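Colleague: The structure that follows is given in the form of structure tokens.
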Amino acid sequence: MKTLVSLSIAATIAVSANADLIKDAKDAGLVAIPSSITAQMELVDNKENPMTEAKIELGKKLYFDPRLSKSSLISCNTCHNLALGGTDGVSAAIGHKWTANPHHLNSPTVYNAMLASSQFWDGRDPHVEAQAQGPIQAGPEMAAPKELVEERINSIPAYVSEFKAAYGEMDKVSFKMVADTIATFERTLITPSRFDAFLEGDKNALNKDEKEGLKTFIDKGCVTCHNGVAIGGTMQPFQVANKYKFADVGDFKGDANGMVKTPTLRNIEETAPYFHNGKIWTLNEAVKEMGSTQLGIKINDKEAEKISTFLRSLTGTKPEITYPQLPASTPNTPKPSAN
């Protein structure tokens, strides 16, 4: 009888501790991706560019189509590889003519990008529709002027037919429509994780070590910048307490006010290397560097491992993506250029 009473008390304490931790996480500003598909769609949809099956399927083709680049070799998936956590796995993005990003900037993940309030490291665009226009045109990336993209897409009858099916009759496909359609596909790239289930009340979704890591994550103050449903994605001051130890790599200094976009921590174990210039390759080192740079505290090896253990629980379930078959070019399609 005494054993049963002890077990009952232990179970009650465990339930209470879980409830307290969930409350602490929510009070700290952490928000779950909802488990309801309907609620997820409401979260990611853009009322000014509503998601439809036709747009999503067309956007997926455009996302994987290298003909949107000047060389016809680089697609959106080149730097935001959906099989590699939505990144490219290198410190600085490599683009047209094998050019490394001139500012030594790392490619952020495309997964859950729509949950962020700002896009690009300097936060210059507010949403993925605007962001999608940038890399296509940028010289060190895809290097394709708007006019070239429009000419290529409009030269392919199958693409024109798909755009008409998605948007209705039109004179021609515009560059903005191409970017908006890619963004529609990107809005499907949401990855709910076990952590979201925990926040929604499933006390067994995280194990004991992950819960300890979550508590450490909150107690150390990591939630100051990494909060909300994106667990990041907002503009924050950088090098608040100390200088970032790789600050001299690249010339990026943030926006006009020195603010830098806080990366999402979702799927973070899959998106090394870390920081804007991709100079840190392990989670534990990244956690310790953030403690110094942003919080002005020393996070020891044990604490860093606890936090990293929690961060790995943010690896979510990816949508199943079937590589699309792309429509054939025609004699009128502008030829690739390596220049």
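Colleague: What fraction of the Cα pairs in the range 253-339, stated in percent, has a spacing above 21 angstrom? Walk me through the numbers on the way to the answer.
Modeller: Numbers: 1965 of 3741 pairs.
The answer is 53 percent, as a whole percent.
Colleague: Mind jotting down a quarter of the surface of the convex hull over the alpha carbons of the range 66-187, in square nanometres, one decimal? Write out the running numbers ahead of the final one.
Modeller: Numbers: hull surface 30.1 nm².
That works out to 7.5 nm².
Colleague: Here is a further query. Kindly state, to the nearest 0.05, the FRET efficiency for residue 326 paired with residue 147, given R0 = 22 Å and r defined as their beta-carbon distance.
Modeller: Details: r = 21 Å, r/R0 = 0.96.
For residue 326 and residue 147, the calculated efficiency is 0.55.
Colleague: Straight-line reach only, C-alpha to C-alpha below 14 angstrom: list the aspartates and glutamates that residue 245 could link to, leaving out same-chain residues fewer than 8 apart.
Modeller: By straight Cα distance, residue 245 reaches 285, 289.
Colleague: Next question. Roughly speaking, what % of Cα-Cα pairs in the range 164-229 are separated by over 18 Å, rounded to a whole number?
Modeller: Values: 1296 of 2145 pairs.
Considering the range 164-229, 60 percent of its Cα-Cα pairs are separated by more than 18 Å.
Colleague: Arranged by the count of other C-beta atoms within 10 angstrom, fewest first, what order do 308, 161, 69 take? If you can, show how the numbers build up before the last one.
Modeller: Working: 308 21, 161 11, 69 25.
The most exposed by this proxy come first: 161, 308, 69.
Colleague: Taking the Cα atoms of the chain alone, what are Rg (to one decimal) and Dmax (as a whole number) in Å?
Modeller: Expressed in Å, the Cα Rg and Dmax of the chain come to 22.1, 85.
Colleague: Using 21 Å as the Cα-Cα cut-off, could you pick out the over-long pairs in 61/164; 220/318; 220/298; 70/279; 97/335; 23/220?
Modeller: Details: 61/164 15 Å; 220/318 29 Å; 220/298 10 Å; 70/279 29 Å; 97/335 16 Å; 23/220 17 Å.
Cα-Cα > 21 Å for 220/318; 70/279; rest within.
Colleague: Just subtract the alpha-carbon distance of residue 27 and residue 302 from 0.36 nm times their residue separation and send over the number in nm, one decimal.
Modeller: Details: separation 275, 0.36 × 275 = 99.00 nm, distance 2.53 nm.
The span from residue 27 to residue 302 would gain 96.5 nm if fully extended.
Colleague: For residue 283, what is the net charge nearby, where nearby means another residue's Cβ is under 15 Å from its Cβ and Lys, Arg count +1, Asp, Glu -1?
Modeller: Numbers: positive: 220, 266, 279, 288, 302, 306, 312; negative: 209, 210, 269, 270, 285, 289, 301, 303, 305.
Result for the local shell: -2.
Colleague: Going by amide H atoms built from the backbone, whose H comes under 5 Å of the H on residue 123, apart from near neighbours?
Modeller: The answer is 261.
Colleague: Note down the nm distance, to one decimal, between modelled labels 7 Å out along Cα→Cβ at residue 98 and at residue 83.
Modeller: For residue 98 paired with residue 83, the spin-label model returns 2.2 nm.
Colleague: Further question: Quick check on the chain: helices-only [θ] at 222 nm, where DSSP H runs of length 4 and up contribute -39,500 (n - 2.57) each and the sum goes over total residues. Nearest 500, please. Spell out each step's value before the answer.
Modeller: On the way: 13 runs with 130 residues, N = 339.
Value at 222 nm, helices only, nearest 500: -11500 deg cm²/dmol.
Colleague: With only Lys, Arg, Asp and Glu charged, each at its Cβ (+1 for the first two, -1 for the last two), find how big the charge dipole of the chain is about the Cα centre; round to the nearest 20 debye. Mind dumping the intermediate values first?
Modeller: Values: 36 positive and 40 negative charges, 106 e Å.
The dipole of the chain has a size of about 500 debye.
Colleague: Still on this structure, please answer the following. Just grab the label-to-label distance for residue 40 and residue 90, each label 7 Å out from Cα along the Cβ direction, in nm (one decimal).
Modeller: Computed distance between label sites residue 40 and residue 90 equals 3.2 nm.
Colleague: What's the center-to-center distance, using Cα atoms, between the range 257-285 and the range 51-97 in Å?
Modeller: 20 Å
Colleague: Shifting gears a bit: Quick one: putting +1 on the C-beta of Lys and Arg, -1 on the C-beta of Asp and Glu, what dipole do you get for the range 209-298 around its Cα centre, in Debye to the nearest 20?
Modeller: Charge dipole, the range 209-298, about its Cα centre: 240 debye, nearest 20.
Colleague: Of all DSSP beta bridges in the chain, what percent run antiparallel (nearest 5)?
Modeller: On the way: 8 of 9 bridges.
Counting DSSP beta bridges with both partners in the chain, the antiparallel share is about 90 percent.
Colleague: Further question: Using the 2.2 N^0.38 Å rule of thumb for compact globular proteins, work out how the range 145-275 stacks up: its C-alpha Rg over that value, please. Walk me through the numbers on the way to the answer.
Modeller: Numbers: Rg = 21.4 Å, N = 131, 2.2 N^0.38 = 14.0 Å.
So the Cα radius of gyration is 1.53 times the expected 2.2 N^0.38 Å.
Colleague: Also, quick follow-up: Averaged over all directions, how much area does the convex hull of the C-alpha atoms of the range 49-132 cover when projected, in nm²?
Modeller: Values: hull surface 24.0 nm².
Result: 6.0 nm².
Colleague: Let me ask something else about it. What list do you get for 326, 148 if you sort them by fewest beta carbons within 10 Å? Walk me through the numbers before you get to the answer.
Modeller: Working: 326 16, 148 19.
Taking fewest neighbouring Cβ atoms as first place, the list is 326, 148.
Colleague: Test of understanding: what is the full-extension gain from residue 224 to residue 248, defined as 0.36 nm times their sequence separation minus their Cα-Cα distance? Intermediate values should be presented prior to the final figure.
Modeller: Numbers: separation 24, 0.36 × 24 = 8.64 nm, distance 2.53 nm.
That works out to 6.1 nm of additional length.
Here, each number is a calculation from the coordinates, and none is a lab measurement. Since the model is a prediction, treat every value here as computed from it, not as a measurement. Neighbour counts are summed over all protein chains in view; Cβ atoms, including those assigned to glycine, are modelled from backbone coordinates with ideal geometry.
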